[in-house]
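The values are calculated or read from the model by the stated rules, or taken from the named source; none is laboratory data. Small disclaimer: the values here were computed from a predicted structure and weren't measured. Here the Cβ positions follow ideal geometry from the backbone for every residue, glycine too, while neighbour counts run over all protein chains shown.
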Amino acid sequence: MGTSQVLKWWKKISWDEKDPSTGLPKRVTKNRGQYVRYADDDGPRYGRLDNILTHDAIFGMISNLHSETVLIVATGLGRIRAFLIISPVRTLDDPVDSLTGLHMYEHEEPTVIGLTKLSAEVVYMVPFKKESNGDMWDFTSGTDTMDHQDCILLHVDWHIGFM
């Protein structure tokens, strides 16, 4: 059995979780590149979801090849073990932006977590690059060309339900 049959890489991952307000199941989907909240030994943390993989993904999986989403389905035949490669973020020494009052973070070395550690909470992080003179922040919206390890992140935790 080759590695390609044991490990599979995905662009998205979805699961059902009980909605606390209604008590009904709710579909949660996370994509590579999104910022997420997850549980750590020291409490809740934030990080960037870099990669999604499943181990021994032979039993109990339904894959939608068009959207390349893996759906976690429990069956009697086996159990899928989903793992997420996360780039955790840590608070800066000067953790609050003076203009917006929002917390600022920077990336740490990647780590691997299990799916059960991931929260359904939606997290918004805005990447910034620091100007060469050190006094100003330069907003960079083209995150595809930005090395996320070299940027500062502004955690937008405002209620944006109106958007």
Checked against (1) in a loop (DSSP other than H, G, I, E, B); (2) surrounded by 11 or more Cβ atoms within 10 Å (Cβ to Cβ), Lys30 satisfies every condition except (1)
I'd like to check something: does the stretch 37-56 contain any residue that is among the hydroxyl-bearing types (Ser, Thr, Tyr), at pLDDT 90 or above, assigned to a strand (DSSP E or B) and within 21 Å of the chain's Cα centre (by Cα)?
yes
So which residues in the stretch 123-143 are modelled with pLDDT of 90 or more and surrounded by fewer than 17 Cβ atoms within 10 Å (Cβ to Cβ)?
Tyr124
Can you tell me how many residues in the stretch 100-110 are in contact (Cβ under 8 Å) with a residue 40 or more places away in the chain and under 22 Å from Lys12 (Cα atoms)?
2
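Residues are listed down the side, and each one gets a yes or a no for (1) more than 22 Å from the chain's Cα centre (by Cα); (2) loosely packed, with under 10 Cβ neighbours inside 10 Å; (3) modelled with pLDDT of 90 or more:
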residue	(1), (2), (3)
Arg81	no, no, no
Ser87	no, no, yes
Pro95	no, no, no
Ala120	no, no, yes
Asp150	no, no, no
Leu154	no, no, no
Gly161	no, yes, no
Look at Ile113 and say whether it is under 26 Å from Lys18 (Cβ atoms), modelled with pLDDT of 90 or more and either of a type in the set (D, E, K, R) or surrounded by 17 or more Cβ atoms within 10 Å (Cβ to Cβ) (or both).
yes
